[in-house]
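A.B. asks: Have a look at the structure that comes next, please.
Derivation of every value follows stated rules applied to the coordinates shown; laboratory data play no part. This is a predicted model, so every value here is computed, not measured. Backbone-built Cβ (ideal geometry, glycine too); neighbour counts: all protein chains shown.
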Protein chains: 2
Amino acid sequence: MRRDSKLSGVLHVLLHMAQQPGPFTSETLAKAMDTNPVVIRRIMAGLREIGYVRSEKGHGGGWTLACDLSKVTLRDVYDALGSPSLLAMGNRTEAPGCLVEQAVNAALDEAFHDAEALLLSRLGEVTLEMLSDDFRKRLGSRKPQGMSAHRV
Amino acid sequence: MRRDSKLSGVLHVLLHMAQQPGPFTSETLAKAMDTNPVVIRRIMAGLREIGYVRSEKGHGGGWTLACDLSKVTLRDVYDALGSPSLLAMGNRTEAPGCLVEQAVNAALDEAFHDAEALLLSRLGEVTLEMLSDDFRKRLGSRKPQGMSAHRV
DNA sequence: TCTCATATAACTTTATATGTTACATGATGG
DNA sequence: CCATCATGTAACATATAAAGTTATATGAGA
């Protein structure tokens, strides 16, 4: 199954933005992400509605961070994307008349629910700031002489 | 994203088979599952290789359970299906040169891994026999006067 | 008013789960 | 033996959704 990588993508964008003051055009971000500007606008739209980023049109426009990185968790970002389903597996039918299937669904649902809850909880423990710090640490150990530039 | 329902489907088949002695033809099972016989053969192939079911050709042939239901867990069945990926989300790129993406991946991977581990652990706690017992309990409370037939 | 940049709808591409058809193989019963 | 039944499997078709692309509208500077 093709795996949704919007969360991974959005975090990538946000972290890039956190390394230097904005604004960043969709085209710039798209190049860094090796994708299309429209894709960037699409995944950023949810974040804008919630106020994590702002967008400006025209000359000197683009995307700007508008949140406290230490207060936004990966869970928050996930929710801003519309809380897409986390699991690649599901029940064959959700409200089956077949009692066998009901028994199967009940068992699977419990396991699925627990796993989802744990994942959301873990995402809620990590802030964007923690990610940014981790990035800078990686940058430091790779290029001890400076940290103004980094490969995309 | 479309969710994989092979596990749900296989369990459904196995539980149906557990309610009465076999063998069952792919066509019979397909009707009960509202799908195609070839689909049944496809999802049963993995189980046969591991020895959870047997298949016989020709007259009187079909699929037969060949395992101790109390010893086979949902995790075992999942593995027999080839251990398909459990999560609907993944990293944009797995081995990125970008340090930002490495930081993102590291954080997500940890959360993803923990959730997968929990899910597998939960699946490992449930045996086919437990599911079968649960089914019979549901059947009993719905049709107290007998338990030879059930809706599909 | 020209250029830049976002906003968004519509469309295309790609991946993959699922469904279907066709034919081969082997087992059983007459 | 040979007709029938059933699995085994490859090949093809369909459905759905993620991701990419194109086109056009809108608004903000210079």
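A.B. asks: For chain B, modelled as a Gaussian network with Cα springs under 10 Å, which listed residue fluctuates most, B:Met17, B:Met89, B:Met33?
C.D. replies: B:Met89
A.B. asks: Show that you can apply the helix-only estimate: for chain A, add -39,500 (n - 2.57) for every DSSP H stretch of four or more residues, divide by all residues, and state [θ] at 222 nm to the nearest 500.
C.D. replies: Mean residue ellipticity, 222 nm, calculated: -18000 deg cm²/dmol.
A.B. asks: Can you give me the relative contact order of chain A as a percent, contacts being Cα pairs under 8 Å and 6 or more apart?
C.D. replies: Reported as a whole number, the value is 24 percent.
A.B. asks: Sticking with this structure for a sec: Loop-only chymotrypsin sites (Phe, Trp or Tyr not before Pro) in region A:1-76, please: DSSP not H, G, I, E or B, and at most 16 other Cβ atoms within 10 Å.
C.D. replies: none
A.B. asks: Write down, largest first, the equivalent ellipsoid semi-axes of the protein assembly as shown in whole Å, where each equals the square root of 5 times an eigenvalue of the alpha-carbon gyration tensor.
C.D. replies: Details: eigenvalues 473, 68, 60 Å².
The answer is 49, 18, 17 Å, longest axis first.
A.B. asks: Using Cα springs under 10 Å in a Gaussian network model of chain B, which residue among B:Thr93, B:Thr28, B:Thr127 shows the largest mean-square fluctuation?
C.D. replies: B:Thr93
A.B. asks: Students often get this wrong, so check it: of A:Lys6/B:Lys71; A:Lys31/B:Lys6; A:Lys71/B:Lys6; A:Lys71/A:Lys137; A:Lys6/B:Lys31; B:Lys6/B:Lys57, which have C-alpha atoms separated by over 29 Å?
C.D. replies: A:Lys6/B:Lys71; A:Lys31/B:Lys6; A:Lys71/B:Lys6; A:Lys6/B:Lys31
A.B. asks: Run through every distinct alpha carbon pair of region B:1-52 and return the Kirkwood hydrodynamic radius in angstroms, one decimal place.
C.D. replies: By the Kirkwood definition, the hydrodynamic radius is 11.4 Å.
A.B. asks: Mind checking B:92-99 for the average number of partner chain beta-carbons within 10 Å of each residue's beta-carbon?
C.D. replies: 6
A.B. asks: Further question: Considering amide H positions built from the backbone, and no H for Pro or chain starts, which residues 5 or more places from A:Gly22, or on another chain, come under 5 Å of its amide H?
C.D. replies: A:Leu65
A.B. asks: Please state, as a whole number in µm²/s, the translational diffusion coefficient that the Stokes-Einstein equation yields for region B:6-142 at 10 °C and 1.306 mPa s, with Rh defined as the Kirkwood radius across alpha carbon pairs.
C.D. replies: Translational D for this selection: 93 µm²/s.
A.B. asks: Quote the FRET efficiency, to the nearest 0.05, computed for A:Ile50 versus B:Ser5 with a Förster distance R0 of 25 Å and r equal to the Cβ-Cβ distance.
C.D. replies: The computed FRET efficiency comes out at 0.15.
A.B. asks: Using a Gaussian network model of chain A whose springs link C-alpha atoms within less than 10 Å, name the residue from A:Arg122, A:Arg92, A:Arg54 with the highest mean-square fluctuation.
C.D. replies: A:Arg92
A.B. asks: Explain nothing, just the number: dipole magnitude of region A:18-152 about its Cα centre with +1 on each Lys and Arg Cβ and -1 on each Asp and Glu Cβ, in debye rounded to the nearest 20. Intermediate results must be reported in sequence, preceding the final value.
C.D. replies: Values: 16 positive and 17 negative charges, 201 e Å.
Taking the Cα centre of region A:18-152 as origin, the dipole is about 960 debye.
A.B. asks: Using +1 at the C-beta of Lys and Arg and -1 at the C-beta of Asp and Glu, which of A:Asn105, A:Gly61, A:Ser83 has the Cα lying farthest in the positive direction of the dipole of the protein assembly as shown?
C.D. replies: Checking the options against the dipole of the protein assembly as shown, the answer is A:Gly61.
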